[in-house]
1. Looking at segment 190-209, which of its residues are touching an Asp or Glu at 6+ places or on another chain (Cβ under 8 Å) and either small (Gly, Ala, Ser) or not in a strand (DSSP E or B) (or both)?
2. Please enumerate the residues belonging to segment 184-196 that are surrounded by fewer than 19 Cβ atoms within 10 Å (Cβ to Cβ) and closer than 19 Å to residue 262 by Cα.
3. When you go through 214, 220 one by one, which is the residue that is among the β-branched types (Val, Ile, Thr), farther than 22 Å from residue 53 by Cα and open to solvent by 50 Å² or more (accessible area, probe 1.4 Å)?
4. Which residue, of 160, 116, is open to solvent by 10 Å² or more (accessible area, probe 1.4 Å) and either outside any strand (DSSP E or B) or of a type in the set (Ser, Thr, Tyr) (or both)?
5. Which condition breaks for residue 20 when tested against (1) assigned to a loop (DSSP other than H, G, I, E, B); (2) crowded, with 17+ Cβ neighbours inside 10 Å; (3) touching a strand residue (DSSP E or B) at 6+ places or on another chain (Cβ under 6 Å)?
6. From the set of residues in segment 46-101 that are touching a Gly at 6+ places or on another chain (Cβ under 6 Å) and of a type in the set (Gly, Ala, Ser), which is nearest to residue 241 (Cα to Cα)?
7. So which of 78, 63, 39, 15 ends up being at pLDDT 95 or above, over 16 Å from the mean Cα position of the chain (by Cα) and open to solvent by 40 Å² or more (accessible area, probe 1.4 Å)?
Amino acid sequence: MATLSVAAAAQERVRFPSLDGKNGEQPTELDGYLFRPERGDDPFPMVIFQHGCGGLFSTTTHRITSRERDWADRFNSRGIGVLMVDSFTPRGSTGMCSHSSFKEWIYLRRPADAYGALVYLQKQPFVARDRIALMGWSNGGGSVLYAVGRRSLGRPADFGGPDFQAAIAFYPGSCSEKRLGADWSTSIPLLILVGEADVWTPAEPCRQVAEQAVARGAPVEFHAYPGAYHDFDWPGMKRHEVPAFTTRDGVVPIEGEDPAARADAIRRVDAFLADHLLH
């Protein structure tokens with residue numbers, strides 16, 4: 001592991017293979033950015049981050065985005081480590097938020113990236129291998145759903161575990177019966193947080209998926225914030241329209257921080273991880 005001296009500000013940059021190598025293909029070598037906790041003894045619990053459709057890095061500052069850095073700081077202060085997975089750069093993509101730049105093949109490989117990161121962390125002596133969670137936003141949140149589902153797109157058939165102990169999805173893409181299937185479910189405790197006013201990843205289809213999963217016995221918690229839009233937990237982001245990312249259906253995305261929703265989401269995430277990761 002090489003210590004970073006770049007503006008990304010991660011403590012360590014690491015490399016590990018995705019589990020996407022199938023049918024004789026070579027697995028993708030991924031970049032990861034490791035943030036160790038400021039306090040606590042080894043081995044410590046970890047949360048794996050899966051970034052959104054804009055990638056892990058800001059296009060203006062070329063630093064890790066402020067949303068991910070803010071959450072990493074919060075977790076580190078509680079004795080939880082973070083591994084941010086860059087799924088785009090190793091595959092030659094800087095972002096895929098518009099319908100013209102979206103690459104389905106990358107999106108559907110991201111669950112295998114999550115499990116590649118899990119396998120990598122479980123080999124590290126400083127990690128509590130049975131206390132690792134998965135967390136993602138938007139495109140990365142959809143990847144979380146595909147990863148932790150009973151028919152996971154990333155979990156190998158011969159995976160010996162332990163599996164993720166918890167998962168968190170913020171305004172996840174693909175959170176609909178049409179995308180996930182009518183019988184989608186999970187055995188991994190899952191927290192889904194969305195904005196009621198989100199026009200990019202709408203709340204109602206996701207609510208239906210969550211309620212149906214709960215009816216099948218899945219440990220899923222769903223919460224929607226009235227008046228909150230996409231990226232409501234992004235600190236300091238002013239609410240704005242993004243016409244460059246207008247969807248195929250003509251919807252112009254709206255994104256921006258909702259301070260009240262963000263504060264409540266922080267509280268809910270802290271409580272959720274206390275129940276499932278810090279026991």
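The values are calculated or read from the model by the stated rules, or taken from the named source; none is laboratory data. Computed from a predicted model, the values in this text were never measured in an experiment. Every residue, glycine as well, gets a Cβ built from its backbone with ideal geometry; the counts of neighbours run over all protein chains shown. All accessible areas refer to the heavy atoms of the entire protein, side chains included, with ligands and DNA or RNA removed. Shrake-Rupley method; radii C 1.70, N 1.55, O 1.52, S 1.80 Å.
1. 195, 200, 203, 205, 208, 209
2. If the condition is that a residue be surrounded by fewer than 19 Cβ atoms within 10 Å (Cβ to Cβ) and closer than 19 Å to residue 262 by Cα, then 196 is the only one that fits.
3. On the way: 220 fails: open to solvent by 50 Å² or more (accessible area, probe 1.4 Å).
The conditions single out 214.
4. Going through 160, 116 in turn, the sole match is 160.
5. (3) is the only condition that residue 20 fails.
6. The selected residue is 54.
7. Numbers: 78 fails: at pLDDT 95 or above; 63 fails: at pLDDT 95 or above; 39 fails: at pLDDT 95 or above.
Checking each option against the conditions leaves just 15.
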